[in-house]
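Reading through the structure tokens given below for one structure.
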2 protein chains.
Amino acid sequence: MNQIIQKQEKIEQKENIVNGVNVSKLLETVGVIKEKPEIAKFNFKAKGKWINGGHNRTTISEFYGACQNFQRSQPFVFEKDEPPVLLGNDQGANPVEYVFAALDGCLTTSLIYHAAAQGIKIDEVETSFSGDLNLHGFLGLDKNIRNGYEKIKVTFKIKADASKEKLQELVQLAQKRSPVFDIVSHPTPVEVNFEEDNNQI
Amino acid sequence: MNQIIQKQEKIEQKENIVNGVNVSKLLETVGVIKEKPEIAKFNFKAKGKWINGGHNRTTISEFYGACQNFQRSQPFVFEKDEPPVLLGNDQGANPVEYVFAALDGCLTTSLIYHAAAQGIKIDEVETSFSGDLNLHGFLGLDKNIRNGYEKIKVTFKIKADASKEKLQELVQLAQKRSPVFDIVSHPTPVEVNFEEDNNQI
């Protein structure tokens, strides 16, 4: 067992892989972006379809980035639904719960990638999320209550061979760099267009 | 076939179900909230775990609302990963793509529920999402470029027995009422705490 771990560590050292992130490639990417800034421009896409009631489906299968179009290895399909108390049939997490999936993923990946770039090996990361939401907003019953989360609370639990101060610094850096943290904590312009569909079903 | 549809429509009329939404229960809920406002207070939760590199997992299984704790019928588990061009292994959609799943679900459900409340029968809803994101932000290479989406574009295609003006009004109302549209387009406070884990693995 120890031999396998040693062998794995040897390979990782050779390729400079930290936390499962290929740091050589990360630094190479940064170098390429500095020479050719348009490499950094990405366009992500999704398609959605309403099923019934609070049940709808989003499919993600392609994106544009690094000056080319990409297909994902498989389409990623997400079912959303409400629990019965919110008049749904519990066929999936609901949209505000998906916000946690997005924010969790982004803060964790930002922390892991930036730790890797600094050569800090992380052993474990566990997170918990909680957000208060008052239905008066959605139902239009009180103009003083917002529709979305009043506040989101996140807790990071990290096991790593680094000082508490260093890990605190990484948690700060994750927030400073995370795209979804930015989207949630700052205004993001959303343009919604409508097309009537006159064709008969 | 027509008989089955007629039978289904009869049942829906009796229970006042429009677009799969039980409008009688929706109005009942509004009535209860007006009498007892704390019924409207919800707290959603999620747990996360880092797997490796850009791969991490969020699990959603419980929430608080209507003055009680609820367990979902099953845990909803979300894998996130980056595509190879972003140094991942394509084991899931990435966090900014999850933002589309959240926003898509919320705008669609808001439209469907509010249409149902107004008695407007919707036949089909299809959506498409697109968002520009420049990696200069995430990588900290340019302070003038934000980390998150510069702009999100959404297109709604709706098939329904209603005028174009009415449907446009519903698309506007969906934005006005949607919790995730609010979270994305306005600032949401996020408090991130850190706990060091001193236990050995």
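The values are calculated or read from the model by the stated rules, or taken from the named source; none is laboratory data. Keep in mind it's a predicted model, so treat the numbers as computed, not measured. Every residue, glycine as well, gets a Cβ built from its backbone with ideal geometry; the counts of neighbours run over all protein chains shown. In case anyone asks, the SASA skips ligands and DNA or RNA and just uses the protein heavy atoms, side chains included. Shrake-Rupley method; radii C 1.70, N 1.55, O 1.52, S 1.80 Å.
The set of residues in region A:25-58 being within 23 Å of the chain's Cα centre (by Cα) and among the polar types (S, T, N, Q) consists of A:Thr29, A:Asn43, A:Asn56, A:Thr58. The residue that is farthest from B:Phe100 (Cα to Cα), among those in region A:34-60 that are open to solvent by 10 Å² or more (accessible area, probe 1.4 Å) and among the aliphatic types (A, V, I, L, M), is A:Ile39. Of the residues in region A:131-143, at least one is touching a Lys or Arg at 6+ places or on another chain (Cβ under 9 Å), at negative phi and among the aromatic types (Phe, Trp, Tyr). Under the condition of being within 13 Å of B:Thr127 (Cβ to Cβ) and open to solvent by 60 Å² or more (accessible area, probe 1.4 Å), the residues counted in region B:153-170 number 2. Looking across region A:154-173 at every residue that is within 13 Å of A:Ala115 (Cα to Cα) and of a type in the set (A, V, I, L, M, F, W, C), the one that is nearest to the other protein chains (Cβ to nearest Cβ) is identified as A:Val171. Among (1) at the interface with chain B (Cβ under 7 Å from one of its Cβ atoms); (2) open to solvent by 60 Å² or more (accessible area, probe 1.4 Å); (3) not polar (S, T, N, Q), there is one condition A:Glu150 misses while meeting the rest; what is its number? Every listed condition holds for A:Glu150 apart from (1). Among what's in region B:86-132 and is open to solvent by 40 Å² or more (accessible area, probe 1.4 Å) and either closer than 18 Å to B:Asn147 by Cβ or among the polar types (S, T, N, Q) (or both), pick the residue that is nearest to the other protein chains (Cβ to nearest Cβ). Restricting to residues being open to solvent by 40 Å² or more (accessible area, probe 1.4 Å) and either closer than 18 Å to B:Asn147 by Cβ or among the polar types (S, T, N, Q) (or both), the top hit is B:Asp132.
Just one of A:Glu169, A:Glu150, A:Glu191 is without any contact (Cβ under 8 Å) to a residue 24 or more places away in the chain, closer than 17 Å to B:Gly140 by Cα and not aliphatic (A, V, I, L, M); which is it?
Working: A:Glu150 fails: closer than 17 Å to B:Gly140 by Cα; A:Glu191 fails: closer than 17 Å to B:Gly140 by Cα.
Sole residue among the options that is without any contact (Cβ under 8 Å) to a residue 24 or more places away in the chain, closer than 17 Å to B:Gly140 by Cα and not aliphatic (A, V, I, L, M): A:Glu169.
Based on what the data block shows, is B:Val184 on the phi < 0 side of the Ramachandran plot, among the β-branched types (Val, Ile, Thr) and open to solvent by less than 10 Å² (accessible area, probe 1.4 Å)?
Numbers: on the phi < 0 side of the Ramachandran plot: yes; among the β-branched types (Val, Ile, Thr): yes; open to solvent by less than 10 Å² (accessible area, probe 1.4 Å): yes.
Criteria met by B:Val184.
Looking at (1) at the interface with chain B (Cβ under 7 Å from one of its Cβ atoms); (2) more than 29 Å from B:Ala116 (Cβ to Cβ), which is the only condition A:Glu28 fails? Among (1) at the interface with chain B (Cβ under 7 Å from one of its Cβ atoms); (2) more than 29 Å from B:Ala116 (Cβ to Cβ), A:Glu28 violates only (1). Looking only at region B:31-63, which residues are among the aliphatic types (A, V, I, L, M) and at the interface with chain A (Cβ under 7 Å from one of its Cβ atoms)? B:Ile33, B:Ala40, B:Ala46, B:Ile60, listed by residue number.
Applying the set (1) more than 30 Å from A:Asp161 (Cα to Cα); (2) modelled with pLDDT of 95 or more to A:Ser73 leaves exactly one unmet item: (2).
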